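Since the structure comes first, as structure tokens, the remarks are kept for the end.
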Amino acid sequence: MPLDWNSDAFCISRQESIENMVSSIRESSVEDLLSKMATCWEVNYGAYCRGINWDSADLGQLQTIASCLSPHGIAGICRCLAEDHAGWSGGMPDLILWKPEQEAAKLVEVKGPRDRLSEQQRAWIAFLTSQGIEVEVFKVSE
């Protein structure tokens, strides 16, 4: 993990690299994005990286989800996390639901009867929606 991770200096010192990677993702076709994901998986699988649990999903599942979210949506999420990881690391919706046959995905925030959305959750919902990603808040009743 870089020493400047979670600081303003991280993005500033890597601005060009971050912009190139985000642009590369955004401009990719779905097929190209899935290929890039496979290459990245093969090169990095098992390496320690804070926030990554290699056993939580396999490459095929992640590629299916990525194809449902679109390269544009994935690029936007990557930009947020690269530019301000500390600020964006919390509040992302709890679940992702996807229908590969329809190439559709929805992120879901689950709230109990007395829960309210935090400001960070509101920010994520607004951002994801602006990227064309469907988001819904599910309220669980007693």
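According to the Kirkwood expression over distinct Cα-Cα pairs, how big is the hydrodynamic radius of region 89-142, in Å?
Details: mean 1/r = 0.0850 Å⁻¹.
After inverting the pairwise mean of 1/r, the radius is 11.8 Å.
May I ask you to derive the relative contact order of region 1-139, considering only C-alpha pairs under 8 Å and at least 6 residues apart, and to give it as an integer percent? Don't skip to the end; give the middle numbers.
Details: 149 pairs, mean separation 33.5, N = 139.
24 percent.
Rounded to the nearest 500, the helix-only mean residue ellipticity at 222 nm of the chain stands at -15500 deg cm²/dmol, with each DSSP H run of n ≥ 4 adding -39,500 (n - 2.57). How many percent of all Cα-Cα pairs in region 23-140 sit more than 20 Å apart? Cα-Cα pairs of region 23-140 separated by over 20 Å account for 47 percent.
Once the 1.4 Å probe is applied to the protein heavy atoms, the chain comes out at 63 Å² accessible per residue. For region 1-86, the equivalent ellipsoid derived from the Cα gyration tensor has semi-axes of 22, 17, 11 Å, listed largest first.
Quick one, what does Rg over Rh come out to for region 1-40 if you take C-alpha atoms and the Kirkwood Rh? Can you show the working numbers first?
Working: Rg = 12.7 Å, Rh = 11.5 Å.
In region 1-40, Rg relative to Rh is 1.10.
Considering only P100, P113, P71, the mean-square fluctuation computed in a Gaussian network model of the chain, springs between alpha carbons under 10 angstrom, is largest for P113.
The values are calculated or read from the model by the stated rules, or taken from the named source; none is laboratory data. Since we're looking at a predicted model, the values are computed, not measured. Note: areas computed on protein heavy atoms with side chains; ligands, DNA, RNA excluded. Shrake-Rupley method; radii C 1.70, N 1.55, O 1.52, S 1.80 Å.
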